[in-house]
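Here's the structure we're looking at; comments come further down.
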Amino acid sequence: MLALISSGVAVTRAEIARHTGLARSTVSHRVDALIAHGFVDEDTEAPSTGGRPPRRLSLRTHGHAIAGVDIGASHCRVGLLDVKGTLLAVREDPLTIADGPEAVLGHVERTLPRLLKVADGTAPRTLRAIGVGVPGPVEFSTGRPVDPPIMPGWHHYPVPEFFGERFGVRALVDNDVNVMALAEQRRAFSDALHLLYLKVGTGIGCGIVADGHIHRGAQGSAGDIGHIRVGERDEPCHCGNSGCLEAVAAGAAMAARLRDVGLEAIGSLDVVRLVREGNREAVRTVREAGRAIGEVLSGLVNFFNPETVVVGGALSAVHDQLLAGVREAVYGRSNPLATNVLRIEPSRIGENAGAIGAGILAIEHALSPAQVDRALATDATAV
Ligand SMILES: [Zn+2]
């Protein structure tokens with residue numbers, strides 16, 4: 001019923017009864033419970049064909065909010081969304097993930113109440129759920145990071161319990177590219193049920209949406225494409241192997257190549273700056289990196305057959321140059337059947353993709369039939 005109401009397919013009790021085939025009394029009982037528990041509002045202003053106007057139902061967006069937290073290697077972005085997924089407020093602060101979970105999550109703990117107070121200038125809101133994206137592998141069922149290479153001190157840290165104890169709500173934790181993939185698919189490419197989201201920044205990762213759902217794999221490491229070998233390349237990689245995609249084509253690798261020819265480049269942002277300044281060496285480096293990414297991607301396209309590949313991350317700021325190389329390699333190498341309708345596009349959501357995607361993850365959990373049933377079974381009154 002909640003899905004029918006939120007999608008606008010059925011927004012009156014009569015329409016819900018028609019769509020579900022349930023008895024009017026059953027529908028009314030359930031709708032009353034959804035209203036009492038703060039999921040739904042009912043107004044009286046619906047247009048009518050005569051007689052008493054049918055009252056229209058809508059998701060209750062006021063009074064409560066969902067948090068979407070995007071933790072990067074060197075930043076933390078905390079967003080607040082209403083249950084329709086509208087971003088109400090967002091705040092970004094520089095932060096070092098290597099400082100460990102207490103320092104980073106403590107910052108989120110302090111930021112959230114401030115955002116809840118000022119979210120959209122109206123009354124303060126209560127928190128309903130929290131979604132968190134982190135730059136490392138996560139065991140999704142427990143929300144615990146697993147051996148995350150750039151997150152010392154986070155291995156098996158109980159992130160959901162940290163938030164559960166402080167805010168009394170459920171927190172869902174996922175890999176950052178997964179939540180970014182979710183944001184792009186739900187918000188910008190909703191017609192593409194099979195989508196790959198490629199994040200090209202300091203490292204390279206891939207989020208997979210299969211048939212509308214995030215595909216995490218058996219251990220949650222699906223999409224970890226940074227260590228697939230590129231052709232005959234032999235650049236040493238921090239993982240101990242050589243020729244890995246990340247060692248060849250990530251932002252850090254591009255910056256190192258530019259340093260070798262005497263340019264000043266420490267990381268991804270310097271590469272972006274040099275390309276924007278029109279530096280020919282930088283343009284060539286980005287395009288070459290695009291071709292290496294495209295070489296690996298062509299295999300993924302043949303294997304997975306996505307409708308859309310979205311390229312995000314810091315290097316998507318120079319997507320003209322990057323995607324030229326990617327497209328060249330993918331369309332040159334992939335099976336025509338797989339590339340006939342394939343689109344390769346830059347990110348449309350941009351810098352808030354992580355926070356919005358983490359929020360959507362939490363919203364979809366909070367509004368899932370199992371969770372709504374659980375909420376309605378409790379004695380709690382309106383949220
Ligand atoms: Zn490697």
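A few points about this structure:
- If you go through region 257-268 and pick out every residue that is at pLDDT 95 or above and crowded, with 16+ Cβ neighbours inside 10 Å, you end up with 4.
- Residue in region 213-220 that is buried (at least 16 other Cβ atoms within 10 Å of the Cβ), of a type in the set (Gly, Ala, Ser) and more than 16 Å from the ligand (Cβ to nearest atom) present: yes
- Under the condition of being of a type in the set (Gly, Ala, Ser) and either in a loop (DSSP other than H, G, I, E, B) or within 12 Å of the ligand (Cβ to nearest atom) (or both), the residues counted in region 197-212 number 3.
- Total residues in region 221-244 satisfying the condition of being in contact (Cβ under 8 Å) with a residue 24 or more places away in the chain and either more than 8 Å from the ligand (Cβ to nearest atom) or not assigned by TED's automatic domain parsing to the domain that holds residue 269 (or both): the figure is 8.
- In region 100-128, the residues that are touching a strand residue (DSSP E or B) at 6+ places or on another chain (Cβ under 6 Å), outside any strand (DSSP E or B) and open to solvent by 40 Å² or more (accessible area, probe 1.4 Å): 120
- Every condition in (1) surrounded by fewer than 19 Cβ atoms within 10 Å (Cβ to Cβ); (2) over 20 Å from the mean Cα position of the chain (by Cα); (3) at pLDDT 95 or above holds for residue 210 except the one numbered (2).
- Only one of the listed residues (164, 207, 203) is of a type outside the set (Lys, Arg) and over 26 Å from residue 270 (Cα atoms). That residue is 164.
The values are calculated or read from the model by the stated rules, or taken from the named source; none is laboratory data. On a predicted model such as this, the values are computed, not experimentally measured, just so you know. When we count neighbours, we look across all protein chains shown, and the Cβ atoms used for this are built from the backbone with ideal geometry, even at glycine. For the accessible areas, the whole protein counts, side chains as well, though only heavy atoms, and no ligand, DNA or RNA atoms are used. Shrake-Rupley method; radii C 1.70, N 1.55, O 1.52, S 1.80 Å.
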